[in-house]
Amino acid sequence: MITYHEQERIFKLDTPNTSYLIGIVDEENFIGHIYYGKRLRDADVSYLMRTEEAPFVPSGNNRERCSFYDCFPFEYPAGGTGDCRESCLGVRTAGGHAGAMLSYVSYEILEGKPGLAGLPATFGTAEECATLKLLCEDKYVGMQVELLYTVFQDVDVVTRSAKIINIGKEPFYLTKVFSACLDMDNRDYDMITLNGAWGRERHIQRKTLGYGIQNVGSIRGESSHQEHPFLALVDKNTSQESGEVYAMNFVYSGNFRAQAEVSQFDYVRMSMGIHPENFCWKLEAEESFQAPEVVLVYTDKGLDAMTNTLHKLYRKHLIRGEYRNKKRPILINNWEATYFDFDTEKLLSIAREASSLGIEMLVMDDGWFGRRNQDDCALGDWQVNEEKLKGGLKYLVDEVNKLGMKFGIWFEPEMISPDSDLYRKHPDWALAVPGRPAAQARQQYVLDLSRKEVADCVYEMVAAVLRSANIEYVKWDMNRPLTDIGSLGLPADRQGEICHRFMLAVYEMQERLTKEFPHLLLENCSSGGARFDPGMLYYSPQIWCSDDTDAIERLEIQEGTAMLYPLSTMGAHVSDCPNHAIGRVTPFETRGLVALAGTFGYELDVTRIPEDDRKMIPEQVALYHKYNDLIREGDYYRIASYSQNHKFDCWQVVDEEKKESLVTFVQVMSRANFKSRRILLKELAEEARYEVRFVNDEKIQPKVYSGDALMKAGILVPELHGDFRARLIHLTALD
Ligand code: GLA
């Protein structure tokens, strides 16, 4: 609900359990941030903006305009006029001068939520959400800014974005456009971020927030393996179950910065937006620039509550398409099975064996096109290699379909190999700075998708393949960062637009793809998990989590990923051992139970794995069918974290009605002479009685306990003999 208190000039935005307050101050109409936190009855807590304290507002004390700017809690601070904390908006006029200050002009309250042109964003109906549009301006620059705030009725989220409009006659340049800012008092917060590397994506990092600027970001042209478009400030005592959390998550997949700055007065400014490095956007008269969306979550109920809020938002208000609430076909991908060394017969032999075990889809990965027999050529030549695929693609797909399986295929549409027919024909289609040889990564260049003819040509090649056979799944990959950012399609003063234009083109291509092929299951991927973000989730309901499929490494990767994103989005497969990324050997059963927490599939040569492993596949398939609805749709709770305790990992899902729950327990290293481990379960119905069954340990007889006892006294998981062993425990309410 959104209300405007005219007398006090305060906007009050309420979600079921939170309030967000904005105040218009002084005759100069500054837009101040008053409050974000637990839901308030009162609207007027405007004293929190401290305009009654020295240095007062400029109209009352023009001598100290600068000091006022430098401590006032701005909703959307612009730089260069006196607020010397880091701003959200950088403007340079045609004359080369920097600086802006926004003042309030008018507002509108809309039912529902308008889309953001060309960008992924959360959505909701008129019953589900309402939107405040605040119009503000800087009359000296000739600029208007529309600040958008949406509140949801069914989930404690506020989303924000900003649109900059040139209402003057001259062009100006945007040198920085962030999407959201929160100015608050610092209450000794900790800062939580997700950090990593290839094969080690999204590990959780928590550290003390200190004075000055602390940030994470990406200038790689993708949200990246290394840092993540997410930031949370939490109380020192915040745990999974209790404590305050302020979180921001960016619905964007390109360069970003997420930042917290603690200033001289112990105020904290938390902000998020497109990374300003090498960003410069020219706005001609009447043109506008739409910044992507930031999702804000506040809770005083700890990290589990933040997680479930984000999961619910993304499941209901971000992910689209027919698969969003549906079980995904269990797939087998041939990448780790064959790498580039495959042909029709090899793929069919894998498919035959896989289908007899209950696997439902064959995915043909990299290597089916052009002369691509290794990773140094042919990206861009999206025509089937009929020497490898004798009889053509349609024949292969039809044969796979005859086995009762679906067929999926891999593309890397954003790239071009120097050794490709496409590059020989269009060497100017790769991003490059004239006069400097562009850097190769994985022996490839990035296509200049900011040029429409390039994006259209690649789209047509991809679509032609998809139109040629019954292809029901696409893995859309992206295997190198953007460097050498130069385009022949743009003038000198627009070269700073390339990275964002590149992202807009990728979004447009995926939008076209999902419109033209509405039944397609799209899975995004980027060298594993370098583009696992809410932006991509708008187009694909699942994303490949990491190229590291080792069950133990996956514990930390999946813990960090699931802290923000629903389990239904996490691409997770069972692969062969020794693991190709890390060389570790783990039990096949454990690999299955860890992959079950995601989309579930296989990444191995099923004709060549040990017989005992193969025999386990039908059982794993049955577990998937039995429990996937619960895993996909249930609430997710973190019970224990191996990355923190270095001993064991444990997570739980519970259905909305609390009738059913599934607990996965993984013991990492076994120990001699150790007794069972006690774990406390969460969010069951206190008064209900649950039958507790150890699914993969028939020696333990099912027993019945109350929800109350299971949460307060817990259950005992017997010591498991051997390293890397896992237990699956299923609870069913009896009453
Ligand atoms: C990336 C992906 C892998 C695989 C290869 C193919 O690394 O993450 O799963 O598709 O590309 O080249």
Breaking point among (1) in contact with a strand residue (DSSP E or B) (Cβ under 8 Å, 6 or more places away or on another chain); (2) away from the ligand (no atom under 14 Å from the Cβ); (3) over 21 Å from Phe340 (Cβ atoms), for Lys626: (1)
Of all residues in the range 454-463, which are closer than 12 Å to Ser487 by Cβ and surrounded by fewer than 19 Cβ atoms within 10 Å (Cβ to Cβ)? none
For residues that are without any contact (Cβ under 8 Å) to a residue 60 or more places away in the chain, outside any loop (DSSP other than H, G, I, E, B) and closer than 20 Å to Asp456 by Cβ, tally how many sit in the range 398-429. 8
Checking Glu353 against (1) assigned to a helix (DSSP H, G or I); (2) under 25 Å from the mean Cα position of the chain (by Cα), which test does it fail? (2)
Taking Tyr423, is it away from the ligand (no atom under 15 Å from the Cβ), modelled with pLDDT of 95 or more, over 30 Å from the mean Cα position of the chain (by Cα) and of a type in the set (Phe, Trp, Tyr)? yes
Consider Ala305 carefully, then state whether it is away from the ligand (no atom under 16 Å from the Cβ) and either buried (at least 18 other Cβ atoms within 10 Å of the Cβ) or more than 30 Å from the chain's Cα centre (by Cα) (or both). yes
Selection from the range 144-160 of residues that are open to solvent by 10 Å² or more (accessible area, probe 1.4 Å) and under 26 Å from Leu89 (Cβ atoms): Gln144, Glu146, Leu148
Among the residues of the range 106-139, which ones are exposed (fewer than 14 other Cβ atoms within 10 Å of the Cβ), under 25 Å from Asp26 (Cα atoms) and not polar (S, T, N, Q)? Glu108, Lys139
Any chance you could count how many residues in the range 318-350 are over 18 Å from Val474 (Cβ atoms) and either assigned to a helix (DSSP H, G or I) or within 12 Å of the ligand (Cβ to nearest atom) (or both)? 11
Which residues, taken from the range 308-338, are of a type in the set (Ser, Thr, Tyr) and either surrounded by fewer than 24 Cβ atoms within 10 Å (Cβ to Cβ) or at pLDDT below 95 (or both)? Tyr323, Thr338
Specify the residue that is farthest from the chain's Cα centre (by Cα); the eligible residues are those in the range 464-515 that are of a type in the set (Ser, Thr, Tyr) and crowded, with 16+ Cβ neighbours inside 10 Å. Ser487
Check off (1) on the phi > 0 side of the Ramachandran plot; (2) touching a residue at least 24 places away in the same chain (Cβ under 8 Å); (3) more than 15 Å from the ligand (Cβ to nearest atom) for Thr569 and give me the number that stays unchecked. (1)
Looking only at residues that are aliphatic (A, V, I, L, M) and open to solvent by 30 Å² or more (accessible area, probe 1.4 Å) in the range 1-45, which one is farthest from Arg65 (Cα to Cα)? Met1
Could you look through the range 217-275, keep only residues that are over 23 Å from the mean Cα position of the chain (by Cα) and of a type in the set (Phe, Trp, Tyr), and pick out the one that is least open to solvent (accessible area, probe 1.4 Å)? Tyr267
Output the number of residues of the range 516-540 satisfying the condition of being open to solvent by 10 Å² or more (accessible area, probe 1.4 Å) and more than 10 Å from the ligand (Cβ to nearest atom). 7
Name every residue in the range 366-397 that is among the hydrophobic types (A, V, I, L, M, F, W, C) and in a loop (DSSP other than H, G, I, E, B), in order of residue number. Trp368, Cys377, Ala378, Leu379, Trp382, Leu389
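The values are calculated or read from the model by the stated rules, or taken from the named source; none is laboratory data. Keep in mind it's a predicted model, so treat the numbers as computed, not measured. Neighbour counts run over all protein chains shown; Cβ positions are idealised from the backbone, glycine included. The protein model used for the area step is the full one, side chains on, heavy atoms only, and it has no ligands, DNA or RNA in it. Shrake-Rupley method; radii C 1.70, N 1.55, O 1.52, S 1.80 Å.
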